[in-house]
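*Asks:* There's a structure below that I have some questions on.
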Number of protein chains: 2
Amino acid sequence: MTQERRGGGRRSRLERSGSAIPQLPWQRVENPYPPMQLLDEERMEALHATSMRILSELGIRVMSDRVMDIFEAAGAIVDREEKIIRVDESIVMEALKTVPSSFTLTSRNPAKQITLGGNALTFGLVAGPPNVHDRINGRRQGNLADYKNFTRLAHFFNSIHIIGNQVVAPIELPANSRHLDTYHANLTLSDLSFHCTAIGRERAMDGINMMAIARGITLDEMRASPGVITIISVNSPRLLDDAMTDGLIAMAEHGQPVTVTPFTLMGAMTPVTLAAALAQQNAEALFGITLTQLVNPGAPAMYGAFTSNVDMKSGAPAFGTPENAKANIIAGQLARRYNLPYRTSNANASNVVDLQAAYETEMATWGAVLGGANMIYHAAGWLEGGLTASYEKLVLDVEILQNMMEFLRPLPFQEDDLGFEAIKSVPAGGHFFGSEHTMSRYTTAFYQPMLSNWQNYGSWTEAGSKDALERATEIWQQALRDYEEPALDPAIREELDAYVARRREEIAASGE
Amino acid sequence: MTQERRGGGRRSRLERSGSAIPQLPWQRVENPYPPMQLLDEERMEALHATSMRILSELGIRVMSDRVMDIFEAAGAIVDREEKIIRVDESIVMEALKTVPSSFTLTSRNPAKQITLGGNALTFGLVAGPPNVHDRINGRRQGNLADYKNFTRLAHFFNSIHIIGNQVVAPIELPANSRHLDTYHANLTLSDLSFHCTAIGRERAMDGINMMAIARGITLDEMRASPGVITIISVNSPRLLDDAMTDGLIAMAEHGQPVTVTPFTLMGAMTPVTLAAALAQQNAEALFGITLTQLVNPGAPAMYGAFTSNVDMKSGAPAFGTPENAKANIIAGQLARRYNLPYRTSNANASNVVDLQAAYETEMATWGAVLGGANMIYHAAGWLEGGLTASYEKLVLDVEILQNMMEFLRPLPFQEDDLGFEAIKSVPAGGHFFGSEHTMSRYTTAFYQPMLSNWQNYGSWTEAGSKDALERATEIWQQALRDYEEPALDPAIREELDAYVARRREEIAASGE
């Protein structure tokens, strides 16, 4: 209901401006098709067995005494000198039993609650780039103004379900408190859930607290109905740093979901073979997820995958490669083997929004969708291997996501859809443009694209010969003009402002 | 063997020029994965039943008395006045029994024999555009010089398996004999099989005769080992013109494969619903394939699909849409239901080689591959809804096809690929760049792209900030420089020249 009213309001403003950007309505996306299986059961078992050997024989290095205590209490073998934790399969399998196979994430707009698990598919805004780029203003360092614009665009474009962890770093703000500014922007400029920064316990707690304020609920209520999520990156190979595990523990303790994503670029952070990379990714992801359950059995957690290759000539990361697409599919097989919700990405390595950016993103997107991903992270705006958040790339990505959403929509298949009578009504060699069957359906029969231009060459030339990149610029500019800030109870707004002010002072005082 | 020697020769020339374009070797591509199923058995049965009602109750209009005779002899009900042939399911099913589920196509280079059927996947050059475009010389009408260049590129790029029917029309040549010039170019500038023009019996026969000459075999030997193929387009809805059926009959009589492809744009040539479009496509395709078997039981034939939608605002054709991707998959389900080799396309509707051209092509390519296509026609060079053959698009497409070929390559999965010892050899937090496991594999571990650039932003900028489109121009220019005409026995060359000269005179004299 809420989003319908909001949508109605938006339409009326767009009608006044006469410039509505065609887009699909906000919706929960479901992938109705069985995921693709690239590996048979025997090979899946071999991957699992290798992962278990990695965990039990080689172990994972952690910098946190608390994590060592937790695993030791669970029966793991902890080498305090080397800071290596070796975990037997039985401990891991026992822990995985309590992970929910599916969970929800509820923002301050309950109508936009999303599900992570099952056949639900969600798309996340790009997260983390130090730079930002658009065709008009060029490439620049991350800053709060651009952060806010990307947040507005994430709110505006219905296919973006969740805000990633810091779409761009607002580097003009103090590093130790800028998370407060970005959380504040997320909660005031959009009504979406977001990833909070889990570098240390405090940043995670600020995200949890601020979402609870925005929703007008207590931390206990948030525990029963998670509102924020985080990603814990593993410093592959086999290393988890202190701040990350602190963040993980804070989130798990409060019942907020944790995605554990090893950073596994083949040939650099893993062996050069995909089988080995996946075995290592699997070991590292399961280690982190095991930790969430040792902290708080039943806490929601996601299996994260980020396996791609590097350019072996330069060591530069590559994305959207054939190997990356395969990894996206097999990682899904692994996640389902353990009954875990599955997060992956659809990244690309291009330096510019060009053909390469498009085809690499498509390769990775298809891999993710065929792999049964529940969340495609970095799905809108990722450029330059993740070093730049791009306005035009965001528009391109929204088009790619919308195309995929429509591909996943089941086919209407009633008697009338089979159209025998319609075919009978048109003579051989005739056409169906004016037939009643067409007229009654044509406005909704096909996906209406946002970025694609289907004019013939003459009309397209007369209209200025604008290619898709130029049109993408016009679309994000229009979207920012059409954007309307979602209503927020002034009392909640005040409470959020006060929280940020207080915490900013505390952080400044502590000299963290 | 032949292509290895040829490849060796090419490499040595490239080494001299110092400018090798990285590309995959010539290969037979197999799709090892089960095709995607968008429709369940019940819905497939409903599609089939609707198609059979279309054929038996509504019928297909044909302009040829001979075709009416053939169907009448087979028991169909022929309305001579309306020129409508109504065919019962039993006639169709009986005819389909004799279609080979798989066949080979052998060019003058037997090492490049391709299979059409089973899990074989082949890629065809774009066919038919009246215009041609490249970034240096702009858009122009089709001509023989560009025809020849595209033929050279099809020979040069190993991922292109077959030359389509007239990549561009050489419009400066007489319309009634230009097929001789294009066949001659196909057979001298490349060593690939090609689609011959089947507008009328004579054009088909010229293609068959010239391929037989090039292979040094008789028409009887060609009958046992097909060398050319054609596409018969249905003028949907439900109309087959005279020239097309003459061409079909000539090909089938001589044992050369016929692809029957209805031209079914939803909302224009079919009802606006995908289910109806597929039912109609299926009826029309099966009608043409039935004709091939009535002419010559056992003649090779392919199920052709070209179902996409139009822009309902303008009536302009759209390709690479979500509907087109679904159609590509379900058409594959239909083809396999009848045990027929399956041809489809991966078209796009962009007017320029831009983001749209890339993502629409990717959507359609994934639909085709997931649909189990045996031939993706128009797979390299298609632009502007098929009205332009584009040099840069061809390069983009080769990259897309190569990525797909690598995606389809089964994963190495030996004990050593699982890499436990390699993982053990690198400490937590270390890297694998210099490890023995990496060093012994890194040159071949990953697909090396042709068009993608994975330099970091700084290096890329220093190298001139060339986007993928600019690089595509450089690649086709380099490919034309590196191209080497495949050797051809001078006696065969002479015979081909003489055939063309004689036929040109005959055609001029006949005033056809």
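The values are calculated or read from the model by the stated rules, or taken from the named source; none is laboratory data. Source: prediction; values computed, not measured. Heads up, the Cβs are rebuilt from the backbone with ideal geometry, glycines too, and the neighbour counts pull from every protein chain shown. Quick note on the areas: whole protein, heavy atoms, side chains included, nothing else; ligands and nucleic acids left out. Shrake-Rupley method; radii C 1.70, N 1.55, O 1.52, S 1.80 Å.
*Asks:* A:I376: net charge of surrounding residues, Cβ under 11 Å, Lys/Arg +1, Asp/Glu -1, itself excluded?
*Replies:* Taking every Cβ under 11 Å from that of A:I376, the sum is 0.
*Asks:* What FRET efficiency would be calculated for the residue pair B:E57, B:R135, taking the C-beta separation as r and a Förster radius of 45 Å, to the nearest 0.05?
*Replies:* 0.30
*Asks:* Averaged across B:441-449, how many Cβ atoms of other chains sit within 10 Å of each residue's Cβ atom?
*Replies:* Average per residue, whole number: 6.
*Asks:* Here is a further query. Considering only the label points, 7 Å along Cα→Cβ from Cα, what distances in nm to one decimal separate B:S314 from the same position in each other copy, shortest first?
*Replies:* 3.7
*Asks:* For B:S193, what accessible area in Å² do you get when you roll a 1.4 Å probe over the heavy atoms of the protein chains, rounding to the nearest 10?
*Replies:* Rounded to the nearest 10, that gives 10 Å².
*Asks:* On average, how many beta carbons from a partner chain sit within 10 Å of the beta carbon of a residue in A:344-356?
*Replies:* Mean shielding by partner chains, rounded to a whole number: 6.
*Asks:* So which of A:K466/B:K466; B:K83/B:K393; A:K97/A:K326; A:K112/B:K393; B:K326/B:K466 end up more than 30 Å apart, counting from Cα to Cα?
*Replies:* B:K83/B:K393; A:K112/B:K393; B:K326/B:K466
*Asks:* Now, a different point. Quick check on the protein assembly as shown: of the DSSP beta bridges with both residues there, what percent are antiparallel, nearest 5%?
*Replies:* Close to 40 percent.
*Asks:* Okay, next question. Would you tally the net charge around A:L248, using a Cβ to Cβ cut-off of less than 14 Å, leaving A:L248 out, and scoring K and R as +1, D and E as -1?
*Replies:* Once positives and negatives cancel, what remains is -3.
*Asks:* Could you state how much accessible area is buried at the A-B interface, both sides summed, with a 1.4 Å probe, in Å² to the nearest 100?
*Replies:* 9600
*Asks:* Could you tell me which of rounded, prolate or oblate describes region B:142-253, using a ≥ b ≥ c as the square roots of the eigenvalues of the alpha-carbon gyration tensor, with rounded for a/c under 1.5 and, failing that, prolate when a/b is larger than b/c and oblate otherwise?
*Replies:* Verdict is oblate for region B:142-253.
*Asks:* Here is a follow-up. Top to bottom by accessible area (1.4 Å), largest first, where do B:E462, B:E484, B:E41 land?
*Replies:* B:E462, B:E41, B:E484
*Asks:* Summarise the accessible area of region B:47-184 (1.4 Å probe, protein heavy atoms) by the percent that is carbon and sulfur.
*Replies:* Whole-percent figure for carbon plus sulfur exposure: 47.
*Asks:* Find the accessible area per residue for the protein assembly as shown; the probe is 1.4 Å, ligands and nucleic acids are left out, and the unit is Å².
*Replies:* 33
*Asks:* Quick one: grab the alpha carbon gyration tensor of the protein assembly as shown, order the square roots of its eigenvalues as a ≥ b ≥ c, and give me rounded if a/c is under 1.5, else prolate or oblate depending on whether a/b is larger than b/c.
*Replies:* Note, shape of the protein assembly as shown comes out prolate.
*Asks:* Can you give me the % of accessible surface on region B:412-498 that is carbon or sulfur? Probe 1.4 Å, all protein chains present, nothing else counted.
*Replies:* Carbon and sulfur atoms account for 50 percent of the accessible area of region B:412-498.
*Asks:* Follow-up. What residue among B:P35, B:P271, B:H437 has its Cα farthest toward the positive end of the dipole of chain B, where the charges are +1 on Lys, Arg and -1 on Asp, Glu, each on the Cβ?
*Replies:* Towards the positive end, the residue furthest out is B:H437.
*Asks:* Please give the charge dipole size of the protein assembly as shown, origin at the Cα centre, charges +1 on K and R Cβ atoms and -1 on D and E Cβ atoms. Round to the nearest 20 debye.
*Replies:* Once rounded to the nearest 20, the dipole reads 720 debye.
*Asks:* What figure, in Å² to the nearest 10, do you get for the accessible area of B:M210 with a 1.4 Å probe and non-protein molecules left out?
*Replies:* Counting only protein heavy atoms, the figure is 0 Å².
*Asks:* Averaged across the residues of A:362-371, what count of C-beta atoms belonging to other chains lies within 10 Å of each residue's C-beta?
*Replies:* 4
*Asks:* Another question about this same structure. Could you sort A:D134, B:D467 by their accessible area in this structure, using a 1.4 Å probe and putting the largest first?
*Replies:* Largest accessible area first, the list is B:D467, A:D134.
*Asks:* Once the Cα atoms of helix A:144-156 and of chain A are each reduced to a long axis, what angle between those two axes, in degrees from 0 to 90 to the nearest 10, is obtained?
*Replies:* For helix A:144-156, the angle is close to 60 degrees.
*Asks:* Determine the calculated [θ] at 222 nm for chain A from helices alone, applying -39500 (n - 2.57) to every DSSP H run no shorter than 4 residues and normalising by the residue count; nearest 500 deg cm²/dmol.
*Replies:* So the calculated ellipticity at 222 nm is -14000 deg cm²/dmol.
*Asks:* In degrees, nearest 10, range 0 to 90: what is the angle between the Cα axis of helix A:490-510 and the longest Cα principal axis of chain A?
*Replies:* 40
*Asks:* OK, next. Using the charge dipole of chain B (Lys, Arg: +1 at Cβ; Asp, Glu: -1 at Cβ; taken about the Cα centre), state which of B:M302, B:V352, B:T197 has its Cα farthest towards the positive end.
*Replies:* Farthest along the dipole direction, towards plus: B:V352.
*Asks:* Moving to a separate point now. Among B:M211, B:I376, B:F150, whose Cα projects farthest towards the positive end of the dipole of chain B, with charges put on the beta-carbon of Lys, Arg (+1) and Asp, Glu (-1)?
*Replies:* It is B:F150, whose Cα lies furthest towards the positive end.
*Asks:* Sticking with this one: In nm, what does the list of distances from B:G434 to its counterparts in the other copies look like, shortest first, when each label sits 7 Å along Cα to Cβ?
*Replies:* 7.8
*Asks:* Measure nothing fancy, just the Cα-based angle from helix B:178-189's long axis to the longest principal axis of chain B, in degrees from 0 to 90, nearest 10.
*Replies:* Between helix and principal axis, roughly 30 degrees.
*Asks:* Taking a label point 7 Å from Cα toward Cβ, how far is A:K97 from its twins in the other copies, in nm, shortest first?
*Replies:* Its label point is 5.9 nm from the equivalent points in the other copies.
*Asks:* When the solvent-accessible surface of protein heavy atoms is calculated with a 1.4 angstrom probe, in what order do B:D69, B:D311 fall, highest first?
*Replies:* B:D69, B:D311
*Asks:* Among rounded, prolate and oblate, which fits region B:194-293 when a ≥ b ≥ c are the square roots of the eigenvalues of its C-alpha gyration tensor, a/c under 1.5 means rounded, and a/b larger than b/c means prolate?
*Replies:* prolate
*Asks:* Further question: Treating cross-link reach as a plain straight distance, find the aspartates and glutamates whose alpha-carbon is under 13 Å from the alpha-carbon of B:K424, omitting any fewer than eight places away in the same chain.
*Replies:* Answer for B:K424, where 13 Å is the Cα cut-off: A:E57, B:D416, B:E436, listed by chain and number.
*Asks:* How big is the charge dipole of region A:359-512 about its Cα centre, in debye rounded to the nearest 20, if each Lys and Arg gets +1 on its Cβ and each Asp and Glu gets -1 on its Cβ?
*Replies:* 280
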